[in-house]
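Novice: Right, I'll just put the structure down here and ask away after.
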Amino acid sequence: MSNITIQCVDCISTVTIDNPPENYLSREVLSKLNKAVSEMLLPEADLRVVLLTARGKNFSSGIDYASFVNMTKAEAAHFAEALSTSCSWAGSGPSPSPWSSWRRSRSR
């Protein structure tokens with residue numbers, strides 16, 4: 001089962017997390033999410049919008065802390081790096097100001 005699905009239509013990419021039952025951000029999910037987003041951020045990617053969504057009742061219940069019990073120190077470090085990467089790309093892209101469309105409509 002793929003934990004991440006991507007659908008691109010008309011310059012809009014929808015990335016869906018599907019990791020039931022709680023959509024935990026596991027190592028596998030973060031790895032796939034980082035790979036998908038890094039491909040979307042390539043200069044040749046013709047995207048205007050990336051929507052991040054999830055299946056089920058929760059968007060995500062966060063990290064599955066129980067999985068840390070079985071991780072080695074190196075695995076935990078890799079997981080922390082993947083989580084850091086995910087968080088950094090989320091805020092790194094251009095985002096329109098909520099006022100920009102309002103200002104454009106007022107200037108006509």
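The values are calculated or read from the model by the stated rules, or taken from the named source; none is laboratory data. All values reported here derive from a predicted model rather than from experimental measurement. Please note: Cβ atoms are built from the backbone with ideal geometry, for glycine as well, and neighbour counts cover all protein chains shown.
Novice: Take the residues in the stretch 66-88 that are within 28 Å of Q7 (Cα to Cα) and among the aliphatic types (A, V, I, L, M); name whichever of them is surrounded by the most Cβ atoms within 10 Å (Cβ to Cβ). Don't jump to the end; show me each part of the working.
Specialist: In the first step, residues of the stretch 66-88 are kept if they are within 28 Å of Q7 (Cα to Cα); the result is 78-88.
Narrowing further to those that are among the aliphatic types (A, V, I, L, M): 80, 82-83.
On the way: A80: 10, A82: 19, L83: 15.
Here the residue is A82.
Novice: Within the stretch 9-57, can you find the residues that are in a loop (DSSP other than H, G, I, E, B), crowded, with 16+ Cβ neighbours inside 10 Å and hydrophobic (A, V, I, L, M, F, W, C)?
Specialist: Matches in the stretch 9-57: L25 only.
Novice: What number of residues within the stretch 43-65 are under 18 Å from C87 (Cα atoms) and of a type outside the set (V, I, T)?
Specialist: Applying the first criterion (under 18 Å from C87 (Cα atoms)) to the stretch 43-65 yields 49-54, 59-65.
Pick out the ones that are also of a type outside the set (V, I, T) and you get 51-52, 54, 59-62, 64-65.
Matching residues across the stretch 43-65 total 9.
Novice: Looking at this structure, is I63 surrounded by 11 or more Cβ atoms within 10 Å (Cβ to Cβ) and touching a Lys or Arg at 6+ places or on another chain (Cβ under 9 Å)? If you could, list the steps in order and put the result at the bottom.
Specialist: Working: surrounded by 11 or more Cβ atoms within 10 Å (Cβ to Cβ): yes; touching a Lys or Arg at 6+ places or on another chain (Cβ under 9 Å): no.
No.
Novice: Within the stretch 22-66, track down each residue that is within 19 Å of I12 (Cβ to Cβ) and acidic (D, E). Reasoning before the result, please.
Specialist: Filtering the stretch 22-66 down to residues within 19 Å of I12 (Cβ to Cβ) leaves 33, 36-55, 59.
Correct list: E39, E44, D46.
Novice: Considering only residues that are of a type in the set (D, E, K, R) and modelled with pLDDT of 65 or more, which ones fall in the stretch 65-108? Steps first, answer last, please.
Specialist: Going residue by residue through the stretch 65-108, those that are of a type in the set (D, E, K, R) are 73, 75, 81, 103-104, 106, 108.
Answer for the stretch 65-108, where residues must be of a type in the set (D, E, K, R) and modelled with pLDDT of 65 or more: K73, E75, E81.
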